[in-house]
Amino acid sequence: MTSSLAGETSVATNRGDWARAFRNVTQELDGVCLQPVRGIIPPELNGTLYRNGPGRLERAGLSVHHPFDGDGMITAFRFAEGSVELANRFVRTEGWLEEEKAGKYLYRGVFGSQKPGGALANAFDLRLKNIANTHVVRLGDDLLALWEASSPHALDPVSLETRGLTLLDGVLKPGEAFSAHPRFDPGHHGEPRMVTFGVKSGPRSSVRLMEFATEGPKAGQLVADRSDSFGGFAFLHDFAITPNWAVFLQNAIDFNPLPFVFGQKGAAQCLRSRPGGRGQFWLIPRDCGSYAGQAPRLIDAPDGFVFHHLNAYEEGDEVVVESIFYNDFPSIGPDDDFRSIDFDSLPAGLLERCRINLTTGTASSERLSERCCEFAMVNPRFQGLPARYGWMAVAERETGNDPLQVIKKLDLQTGEGSTWSAAPRGFVTEPIMVPRSIKEGERMPAEDDGWLLCLIWNGARDANDLVILDAADLSETAVIELPLAMPYGLHGSWHQGS
């Protein structure tokens with residue numbers, strides 16, 4: 001793995017290296033001391049990087065149809081005084097325990113994975129296994145493993161032992177959806193909060209917006225709660241926040257459940273972009289903001305499909321939201337093998353900025369980058385505010401769709417960028433930006449003063465590396481080889497301190 005500057009000649013992707021990462025995790029570790037093979041661990045890093053993602057992709061010789069159907073496994077990297085320790089543990093969901101005991105799959109997957117026995121064995125089995133594999137965040141005394149179609153699982157933040165499904169002290173009803181994409185308000189209204197949502201989809205859908213205290217004696221308590229109803233089937237994977245708004249983009253998607261009911265497809269494979277349809281921004285007023293109690297604003301969105309947002313902020317009478325747009329809903333069909341998928345046949349995600357004018361009720365968009373990207377974030381202190389810099393995982397090629405092999409820092413004002421590349425044999429996941437701590441009596445650090453923590457699949461070793469980059473210039477601070485081989489993860493978070 002080498003660092004590079006944007007614009008240098010790219011190196012061809014090794015697809016065999018990429019595909020070999022899709023495997024079962026075969027061991028659970030605890031308290032393993034790690035040493036860098038290059039560089040040093042910044043002593044200022046004091047906290048835990050938590051990562052979540054699928055850790056089991058095969059049982060009894062049967063592979064999942066899509067890696068998103070794999071059972072969740074949490075990885076923790078605990079930093080203190082220039083050292084780091086590793087631990088990993090599967091989330092002991094009810095379904096995981098049942099299937100471990102049976103030695104085979106007993107449940108279907110949302111993204112097309114089937115039980116053994118063909119369509120007859122899968123027809124009319126509409127149960128969904130809560131696989132707890134999408135995100136992991138600290139809330140109060142619990143570590144929450146999130147999967148957006150149901151309730152979170154609570155884990156011990158230190159041992160990673162599964163405490164069980166949690167309804168958050170009665171906030172949730174059994175089985176109620178709880179998003180895997182919370183946003184953390186750094187304190188726009190005097191106190192930091194975790195803002196999240198749940199969706200109940202149907203011919204008419206409802207969105208429940210919830211806010212939780214994250215610090216002090218109220219940590220983990222619900223402090224704001226509202227529900228709103230919208231026409232049509234809601235497909236909402238992520239959202240963004242500003243001091244006054246929760247910003248959703250409802251994609252122009254239709255859902256035909258019959259192939260799922262009859263055992264032919266997974267539920268997500270029954271989603272299709274609506275021909276000629278337009279997406280819609282749903283702006284829900286936050287209860288702590290200037291528009292508390294008002295009805296949501298519904299404004300037509302530009303063409304395209306969005307999974308993830310980078311950030312949102314307010315500017316005069318406009319709400320600005322930066323998102324990764326695809327020109328269509330990307331899907332892997334029932335007959336496709338995800339390990340050999342043709343990336344050129346799938347739409348590439350491109351970063352765009354949308355300006356939503358609250359006075360005229362219209363939205364416009366501009367392209368910020370032509371490079372295929374995913375998993376973008378800003379400095380957490382700038383969540384909901386105008387941020388100058390974004391960090392994201394991108395393809396090695398300047399244009400076109402490919403596996404993600406590069407970390408990019410993008411100046412959101414000038415469009416200039418710099419990169420760190422793991423190509424040709426390394427593949428990146430979501431970078432987590434950790435800002436430098438604010439010391440008493442000192443000025444606020446620069447927006448890009450901090451580090452990027454990124455888990456890499458190293459095809460040369462058939463194992464993972466943890467790479468620490470300087471967030472300002474993407475220079476390597478440390479490279480740490482892990483004694484683990486894990487599939488590509490989904491989302492992660494940083495918890496400051498113990």
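Amide H contacts for Arg193 (H built 1.01 Å from N in the peptide plane; partners 5 or more residues away or on another chain; cut-off under 5 Å): Asp185, Gly187.
Lysine pair count for the chain with Cα-Cα distance under 29 Å and sequence separation of 8 or more or different chains is 22.
Classify segment 346-409 as rounded, prolate or oblate, taking a ≥ b ≥ c as the square roots of the eigenvalues of its Cα gyration tensor: rounded when a/c is under 1.5, otherwise prolate if a/b is larger than b/c and oblate if not. Display every interim value, and only then the final one.
Values: a/c = 3.19, a/b = 1.48, b/c = 2.16.
Here segment 346-409 falls in the oblate category.
With +1 assigned to the C-beta of every Lys and Arg and -1 to the C-beta of every Asp and Glu, and no other charges, what is the dipole magnitude of the chain about the Cα centre in debye, to the nearest 20? It would help to have the intermediate numbers written out before the result.
Details: 47 positive and 65 negative charges, 248 e Å.
I would put it at about 1200 debye.
Would you please put 303-309, 60-66, 223-229 in order of how densely packed they are, using the mean number of other Cβ atoms within 10 angstrom per residue and starting with the highest? Working shown, then result.
Numbers: 303-309: 20.4, 60-66: 16.6, 223-229: 14.3.
Answer by packing, highest mean first, reads 303-309, 60-66, 223-229.
Peptide packing for 234-247, 427-440, 288-301 was compared via the average number of neighbouring C-beta atoms within 10 Å per residue; ordered from the highest value, the list is 234-247, 427-440, 288-301. Distance from the Cα centroid of segment 199-264 to that of segment 283-307 is 12 Å (rounded to whole angstrom).
Sorting 44-51, 340-347 by average packing, meaning the other beta carbons within 10 Å per residue, from highest down gives 44-51, 340-347. Legend: translational diffusion of segment 137-250 by Stokes-Einstein, Rh = Kirkwood radius over C-alpha pairs, 10 °C, 1.306 mPa s; D = 109 µm²/s. Quick check on segment 2-496: take the gyration tensor over C-alpha atoms, sort the square-rooted eigenvalues as a ≥ b ≥ c, and tell me if it's rounded (a/c under 1.5), prolate or oblate. Here segment 2-496 falls in the rounded category.
3J(HN,Hα) along segment 277-290, derived from phi through the Karplus expression 6.51 cos²θ - 1.76 cosθ + 1.60 where θ = phi - 60°, amounts to x, 10, x, 9, 7, 10, 9, 9, x, 7, 5, 9, x, 6 Hz, with x in place of Gly and Pro. Just going by the charge dipole of segment 2-496, with Lys and Arg at +1 and Asp and Glu at -1 on Cβ, which of Ile41, Phe305, His495 is farthest out on the positive end? Farthest towards the positive pole: Phe305. Look at where the Cα atoms of segment 48-90 and of segment 438-484 average out, and the two centres are 19 Å apart. Panel order for Cys372, Cys270, by other beta carbons found within 10 Å of each beta carbon, from fewest to most: Cys270, Cys372.
For the chain, what is the relative contact order in percent, using Cα pairs closer than 8 Å and at least 6 residues apart in sequence? Walk me through the numbers before you get to the answer.
Details: 1347 pairs, mean separation 83.0, N = 498.
Normalised by residue count, the contact order of the chain is 17 percent.
The string of couplings for segment 31-42 from the Karplus curve (6.51, -1.76, 1.60, θ = phi - 60°) is x, 7, 6, 10, 10, x, 8, 9, x, 10, 7, x Hz, one whole number per residue in order, with x for Gly and Pro. Around the amide H of Met73, modelled in the peptide plane, lie the amide H atoms of Gly53, Gly55, Val91, all under 5 Å away and 5 or more residues distant in sequence or on another chain.
Bear in mind that the values in this text are calculations on the coordinates, not laboratory data. All of these numbers come straight from a predicted model, not from anything done at the bench. FYI the Cβ positions are ideal-geometry reconstructions off the backbone, even for glycines, and counts take in every protein chain you see.
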